[in-house]
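Enquirer: Sharing a structure here in structure tokens format.
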Amino acid sequence: MSSRWLAVVAAQILLQLFCGAQGQAPQFGQPYQGDATYYGTQPNGLGACSFQDSNAATLPWTYGTTYGVAMNNPQWGNSLPCGMCIALIGAGTGAGPAQYEPSAGFYQYTIVRDLCPECQPGDLDMAQNGDGRWQINWYPVQCNVTNTPFYYSFQGSNTWYLKMQVSNTRVPVQSVQIKAGTPNFLTMQRTRDNYFLIANTAGFSFPAQVIVTSILGDTVNDVVTGGPVGTFVGAAQFPVSASYETVGGSTNAQTQVVTRSPPPASSSPPPRSVPATSPPPRSVPAPPPPQSPKLFPPPPMTIARPPPPRPATSSQVLPSVVPSGYPPLSTYSSYAPQTNATAATPPQRQHHQPHLLKAYPPTSPSAACTDVPTSDGYTCAQQASWGKCNESWMINNKWCAKTCGRCK
């Protein structure tokens, strides 16, 4: 059996381990309500979205956001919300020290960069130092990328196996197709750690053409100038949608200062008003417009926009990134076949840290005790068979509570 074939077999093992079910990610035009909690500041965008590997936390899509958040597990959508910008506001209820209650007087903007395995639908875990459990209202918005392009980063890739992340996107990426020395475009598979994977026995070469589709259905064509190691600046970006807000409170990404209108006195708020402007043309037919959601009215606020970023050139190449967290591909460097991959000992990944607020009950009834699988793709039955039930990272994160007999 050739080394190329064994390399692709190893890649397929990784595909099975790290590509999970899609789930239901948050939708644009839909308001959400849940609990806000805190898990402390995280350096360099550390989290399940792997921003620490690609320096994505320093890119323009974070402009106007004040901190990162971890998305709840039911809405994780196999990492689809990674890089989604969110507007949130406190609902004025909750438990904990008053100084940590999210303001009910103005909206804050955040960006999704991590997973909260124990959080319930609608919950957001904030990467800030704080305490308490507070009810919030929130909805997705477009990130303030202005006219800056996509970034493409590779992790643990080689001639026959590509693991690529697309970052600095206006809205999250739904799918990626790539043509890297192949006769046709190949569809890459999304992973739980916010990458796209593809394997090919014929190998890949660069530069590569890509077709990137957004969560809103917009499709753009771009070129990845290098690979399979390093980070490269593209030349494309998703168009601005006039139907949805951009970070800063505007439906126009070029607006410099935004002033919000005060809310009405009634207890039932009206929908957020959106200027009747025509959206930019799209390369594919636009999907049907969503039904007008009942959004929460914004109190008055003025936001000063940050200065525009320095333009990036398509020839700019950033330093290579070092893979971390998951089984290193050096395991497969000799292209030895994995005869019993499912029985292998799982990696000791640094998981999402527990809260400082275990004494605070949810603001709404929680679901019955169920199994929440670990974020590395292994099942609870596998974790139990490996004797991991009593590990501190399993107990603190409440993973596999039912299988491990921790239900009360």
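Any read-out appearing in this document is the output of simple, stated calculations on the displayed coordinates, not a laboratory observation. All of these numbers come straight from a predicted model, not from anything done at the bench. Counting neighbours? That spans all protein chains shown, and the Cβs are built from the backbone with ideal geometry, glycine included.
Enquirer: Put +1 on the Cβ of each Lys and Arg and -1 on the Cβ of each Asp and Glu in the stretch 69-190; which of Asn73, Leu162, Cys85 then has its Cα farthest toward the positive end of the dipole?
Expert: Leu162
Enquirer: Return Asp35, Asp222 ranked ascending by Cβ neighbour count within 10 Å, so the fewest neighbours appear first. Please list the in-between numbers first.
Expert: Working: Asp35 25, Asp222 20.
Exposure proxy ranking, most exposed first: Asp222, Asp35.
Enquirer: Restricting the calculation to Cα positions, tell me the Rg (one decimal) and the Dmax (whole number) of the stretch 112-230 in Å.
Expert: Both quantities, over Cα of the stretch 112-230: 17.1, 55 Å.
Enquirer: Also, quick follow-up: So what are the ³J(HN,Hα) numbers for the stretch 380-387, from phi and the Karplus equation (6.51, -1.76, 1.60; θ = phi - 60°), rounded to whole Hz, Gly and Pro as x?
Expert: Karplus-based 3J(HN,Hα) across the stretch 380-387 equals 5, 4, 5, 4, 5, 5, 8, x Hz.
Enquirer: Here is a follow-up. Among Phe185, Phe150, rank each residue by its count of other Cβ atoms within 10 Å, from fewest to most, as a rough exposure measure. Each step should come with its number before you reach the end.
Expert: Working: Phe185 15, Phe150 25.
Fewest-to-most ranking of Phe185, Phe150: Phe185, Phe150.
Enquirer: With θ set to phi - 60° and the Karplus curve 6.51 cos²θ - 1.76 cosθ + 1.60, what are the ³J(HN,Hα) couplings of the stretch 183-199 in order, to the nearest whole Hz, using x for Gly and Pro?
Expert: With the stated coefficients, the stretch 183-199 comes to x, 10, 6, 10, 7, 7, 9, 6, 10, 5, 9, 6, 10, 10, 10, 7, 10 Hz.
Enquirer: Quick check on the exposure proxy: order Lys402, Lys388 from fewest to most C-beta atoms within 10 angstrom.
Expert: Values: Lys402 13, Lys388 20.
Ordered from fewest to most neighbouring Cβ atoms within 10 Å, Lys402, Lys388 come out as Lys402, Lys388.
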